[in-house]
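Okay, so here's the structure we're looking at.
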Amino acid sequence: MSKPIYIINGPNLNLLGTREPEIYGSQTLTDIEDMCREAARTHGFKIEFSQSNIEGELVDKIQEAGEKGAAIIINPAAFTHTSIALYDAIKAVDVHCIEVHLSQPAARESFRRRSFVSEASQGTISGFGVKSYLLGLQAAIDLLKA
Ligand code: DQA
């Protein structure tokens, strides 16, 4: 059995469905998990899906993915724009890492324009709502099958 693809979610994403639906849509994080699990399954992959509001727990998950995972899809949420700890954690592991966002941060407030996580990731998919996760997953699967 191949290693799982880790899908790691940052702060406030547990509130999807009710959180600013005009920006983030009406689907919940559980809906996203179900969609990703099904998409991965059709390609013969398993996912390990998690969410935390705590920066250090996200660092722990990235480290765990480095040991036990095949690839990382990460929506770091607000830590995207602040976290050198996440940047360092991604740099420290030897697995593909793809950053995803539901919204398009570059088209929003100026403080969202910088992503420390982009600077450590292989690629970024943003602005497509829940489809950003599916596109990120597809990119990871293509990299793993290549
Ligand atoms: C987000 C974008 C971030 O700027 C924001 O802080 C989030 C969600 C997104 O998925 O669009 O919490 O990562």
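A few comments on the model shown:
- Some residue of the range 127-134 being farther than 22 Å from PRO21 by Cβ, open to solvent by less than 50 Å² (accessible area, probe 1.4 Å) and either within 15 Å of the ligand (Cβ to nearest atom) or free of Cβ contacts under 8 Å to residues at least 24 places away in the same chain (or both): no
- Any hit, the range 99-115, residues being modelled with pLDDT of 95 or more and under 17 Å from LEU144 (Cα atoms): yes
- Restricting the range 26-51 to residues that are assigned to a helix (DSSP H, G or I) and aliphatic (A, V, I, L, M) leaves a set whose member that is most open to solvent (accessible area, probe 1.4 Å) is MET35.
- Subset of the range 76-117 [assigned to a helix (DSSP H, G or I) and near the ligand (Cβ under 9 Å from one of its atoms)]: ALA77, ALA78, PHE79, THR80, HIS81, PRO105, PHE111, ARG112
- Which numbered condition GLN63 fails, given (1) crowded, with 22+ Cβ neighbours inside 10 Å; (2) away from the ligand (no atom under 15 Å from the Cβ); (3) not aliphatic (A, V, I, L, M): (1)
- Set ALA40, ALA146: member being of a type in the set (Gly, Ala, Ser), modelled with pLDDT under 95, under 18 Å from PRO4 (Cα atoms) and away from the ligand (no atom under 16 Å from the Cβ): ALA146
The values are calculated or read from the model by the stated rules, or taken from the named source; none is laboratory data. Just so we're clear, the structure is a prediction, and the values are computed from it rather than from any experiment. Methodologically, a virtual Cβ is constructed for each residue, glycine included, from the backbone with ideal geometry; neighbour enumeration extends over all protein chains shown. Quick note on the areas: whole protein, heavy atoms, side chains included, nothing else; ligands and nucleic acids left out. Shrake-Rupley method; radii C 1.70, N 1.55, O 1.52, S 1.80 Å.
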